[in-house]
Every structure is written in C-alpha cells, then in structure tokens.
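Report on the structure given below.
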Amino acid sequence: MRRKMLTILLAAICLPVVGGYLLALNHATRPVVQEPVCEGSRASARIALTVNVDWGEEYLPLILETCAAKNVRLTFFITGRWAEKFPDMVRRISAAGHEVGSHGYAHPHPDHLSVDGNLRDIRRAEDVLTRILGVRPRLYAPPYGERGPAVLQAAESAGYRTVLWSVDSVDWRHRDRAYIVRRVTGRAHNGAIVLMHPTEATAAAMPELIESLKDKGYELVTVSELIAD
C-alpha cells in the first residue's frame, strides 16, 4: 500500500512536469512563419489598390484604361485557373506595368486544406503564371482572406509573402459605384491595402476613387512598393 501511494505521488508530481516539457518542445519545434501583410507603413501617405481576379474579365479592360489614363499601377492577384482561360489578359495586365501576384489555382477554402494541399494549389498557380509571364509571382493572396497555420506555412515554404488587406471595398456584395467610393475613401489611411474585385461597379468607380484618394494626398503604389518600407 505504501509503495502504491508513493507511485501515485510521484506520478502526480512528474506528469505536469513532463507534460509541460512536451508542450514546450512542441512549440519549440513548430515552424515559425511570418504573419500576413495587411498594410504598409503608417508613416507614409501611400496606398496600394489590389484586385483579386477569379472572374470579371469583361470589366478588366475598363479598369486598365482608367489606370493608364490616371498613371496608376495596381496589384492584381490572379488565380491559375482564370489565367489559363485568359492568358492574353494576364499578359496585358503585366505589360501595362501592373504587379501580378498569385491568388492560388482553384480558389479553394485554404483553411480546409492541409499544408500539402495548400502547397499543391499554390504551386499549380505558380506554374501557370510563370509559364504565361516568364517570371514567378512573389506575393500570395489567399482566397477568402483565410490565414490559418497551414496556409501561412505553405505560402512561406513556397517562397511567398502572404498579403491580406486593411480596407475592404466589399464590391462583390455592394454593386454600387458611389458606395464603393465612399467606403474606400472613408476608411483610407496611410499604408492601406485596399481589396477590390473586377465588378462593373468597381470599374465605374475607379476614376473617381483614384482622384479622391489623390486629392486626399495619397500616392497610389503596388503592394511590393508599399511593403518595401
């Protein structure tokens, strides 16, 4: 009985210690990944307008025409499956001086995938975009803005910087030009990354949006330029 009580006592003392050690070891060996970039430096009056592209090709020409007229460059995050359908448009975007990043291949829910699953989707998109443009993308915008550990680990292991946003235009829901302009300009701040999509309302809002942001003193740059600070 005495030996049994001693065993129980030692277990009560040692188990928490061993458990704590294993927990610390798990944290120590877990890969440390960079947090997503949601904005640039707040010390500089610069903003990056981004467009996530998995549809809306009919409105992209007008967006590109507006940007050319206003001398503004955007960052387009393009899915591999869309790029396969519209390679000439991908080339046109890049030739106009805009930055092209990856939006993955098939627009899955990244948080529902493993590290390997995310890596396969990212690599597949990379192959498509690199084949079209002759250069691999360096920035990755995960679909739906999902940012779980498996997503970030996969993106970093593939050599990408994960990019989210600090201002959401919500243009996929509110198809109203005036609303998009009000929402973005009302939330604009130094270092903002603005999320948009190639909707009809976004294309219509772009001229006024660009002028309004410039009137507020903001310089419009690509994401890479924004985060270089």
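The values are calculated or read from the model by the stated rules, or taken from the named source; none is laboratory data. Bear in mind that the values here come from a model prediction, so they are computed numbers and not experimental data. So basically every Cβ, Gly included, is an ideal-geometry build from the backbone, and we count neighbours across all protein chains shown. Ligands, DNA and RNA are stripped out before the accessible areas are found, and what is left, the full protein with its side chains, is counted by its heavy atoms. Shrake-Rupley method; radii C 1.70, N 1.55, O 1.52, S 1.80 Å.
What the table shows:
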quantity	calculated
Matching residues, the range 162-178, being polar (S, T, N, Q) and open to solvent by 20 Å² or more (accessible area, probe 1.4 Å)	S166
Where H103 falls short, out of the listed (1) touching a residue at least 24 places away in the same chain (Cβ under 8 Å); (2) farther than 18 Å from T50 by Cβ	(2)
Among residues of the range 140-161, those that are surrounded by 22 or more Cβ atoms within 10 Å (Cβ to Cβ) and within 24 Å of R187 (Cα to Cα), counted	3
Counted residues, the range 121-138 - those being surrounded by fewer than 18 Cβ atoms within 10 Å (Cβ to Cβ), in a helix (DSSP H, G or I) and without any contact (Cβ under 8 Å) to a residue 40 or more places away in the chain	3
